[in-house]
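**Q** Handing you this structure, nothing more for now.
Nothing in this text is a laboratory measurement; each read-out follows from the coordinates by a stated rule. The structure presented is a predicted model; accordingly, all values stated were derived computationally and were not measured. Ideal geometry is used to build each Cβ from the backbone, glycine not excepted, and the neighbour counts take in all protein chains shown.
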């Protein structure tokens, strides 16, 4: 029997119904919610992210929501540091913790290492970030005569990150990767009980369509317009988020207003497909429950 503190986690694809079930479970158990959604960090990004409402957040305390201005950068290292602190504080108060969200990479941090200790100085990152892919790859190969392993050499971002780490550390990629593989999860001191909600494809499709329509009706276009002076366009993670990137395309004259809803639906459908693949291949063995047939929140984490 594990003596580690138990922390609960609820995930699933966009539009599956995580928020409603998380609130029900947390409210009944007296729990607090720790978000692992990579877009809920940003203040003002409310409609397009389906952020829990003020009323919902009054029912159950939420953490790591609205912690950054939209122009600020958030990365996995900063998230882990904040999540460790918030989780420790909740448990110290004697409150159960429910992690919830559909951002796979951030969720994975609770089960395995997702970042190393290599520190890359801003001038180095800026200099190397300006290199075209071909030049960055050529320099990376010079630093790694033994090869690049399974690195996706067609992905500019991955090549840039690999080059940064090799330059900053003075070590080859294989050595950095071997060391990284030995690193424990930053949350190894906790026992994570993970449940994933799912729905049949037709049911999920209907909810995806309804989600996009509801966002537009709630004022998504106005929300994006209001975020532009606050720096939305300069934050690629935020500006490329579904809902926001389509409205920005509308403002740029790249799509017609009539195409906004269908494009959001299509792109959400593509995101869900990627999420399902990620959950299946990147997460440890976990409980799966149909959100359509779930009747009692006690069934989320039966013990």
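**Q** Report the calculated FRET efficiency for residue 292 and residue 266 (r = Cβ-Cβ distance, R0 = 25 Å), to the nearest 0.05.
**A** Plugging the Cβ-Cβ distance into 1/(1 + (r/R0)^6) gives 0.60.
**Q** Determine the gain in length on full extension of the stretch residue 20-residue 122; use 0.36 nm per residue of separation and subtract their C-alpha separation, reporting nm with one decimal.
**A** Value of the extension gain: 32.6 nm.
**Q** Note the full-extension length gain between residue 84 and residue 277 as 0.36 nm times their separation in residues minus their Cα-Cα distance, in nm to one decimal.
**A** Working it through step by step, the gained length comes to 66.8 nm.
**Q** Is it possible to state the helix-based mean residue ellipticity at 222 nm for the chain, with each DSSP H run of 4+ residues giving -39500 (n - 2.57), the sum divided by total residues, to the nearest 500 deg cm²/dmol? What is it?
**A** It comes out at -14500 deg cm²/dmol, rounded to the nearest 500.
**Q** With only alpha-carbon atoms in the gyration tensor, what are the semi-axes of the equivalent ellipsoid for region 76-183, in Å, largest first?
**A** Rounded to whole Å, the semi-axes are 33, 14, 13.
**Q** Given springs between every Cα pair under 10 Å in a Gaussian network model of the chain, which of 224, 120, 209 has the largest fluctuation?
**A** Taking springs between Cα atoms under 10 Å, the residue moving most is 120.
**Q** Can you give the extra length, in nm with one decimal, that the chain gains between residue 205 and residue 57 once fully stretched, where that is 0.36 nm per residue apart less the Cα-Cα distance?
**A** 50.6 nm
**Q** Assuming 0.890 mPa s and 25 °C, estimate D for region 23-81 with Stokes-Einstein, Rh taken as the Kirkwood radius over Cα pairs, in µm²/s.
**A** 201 µm²/s
**Q** Normalise the Debye intensity by I(0) for region 122-181, one equal point scatterer per Cα, no solvent, then take log10 at q = 0.14, 0.17, 0.23, 0.30 Å⁻¹ and round to two decimals.
**A** Log10 of I(q)/I(0), two decimals: -0.33, -0.49, -0.90, -1.45.
**Q** Next question. Given a Förster distance of 22 Å, report the FRET efficiency between residue 92 and residue 180 from their Cβ-Cβ distance, rounded to the nearest 0.05.
**A** Efficiency, from the Cβ-Cβ distance: 0.15.
**Q** Related question: Gaussian network model of the chain, Cα springs within a sub-10 Å range: biggest mean-square fluctuation belongs to which of 283, 133, 40?
**A** Maximum fluctuation in the GNM of the chain, among the listed residues, is at 133.
**Q** Separate question: Given the options 21, 278, 174, which has the most mean-square fluctuation in a GNM of the chain, springs set between C-alpha atoms less than 10 angstrom apart?
**A** Of 21, 278, 174, the most mobile in the Gaussian network model is 174.
**Q** Let me ask something additional. Once you treat every alpha carbon in the chain as an equal point and sum by Debye, what is log10 I(q)/I(0) at q = 0.07, 0.11 Å⁻¹?
**A** Debye intensities relative to I(0), on a log10 scale: -0.31, -0.77.
**Q** Over the alpha carbons of region 138-211, what is the largest minus smallest coordinate on each principal axis, giving the biggest first in Å?
**A** Computed over region 138-211, the largest-to-smallest principal extents equal 51, 35, 18 Å.
**Q** Between the alpha-carbon centers of region 227-303 and region 68-91, tell me the distance in whole angstrom.
**A** That distance is 21 Å.
**Q** While we're here: Averaging sequence separations of C-alpha pairs under 8 Å and six or more residues apart, then dividing by the length of the chain, give the relative contact order as a whole percent.
**A** Over the chain, the number comes to 28 percent.
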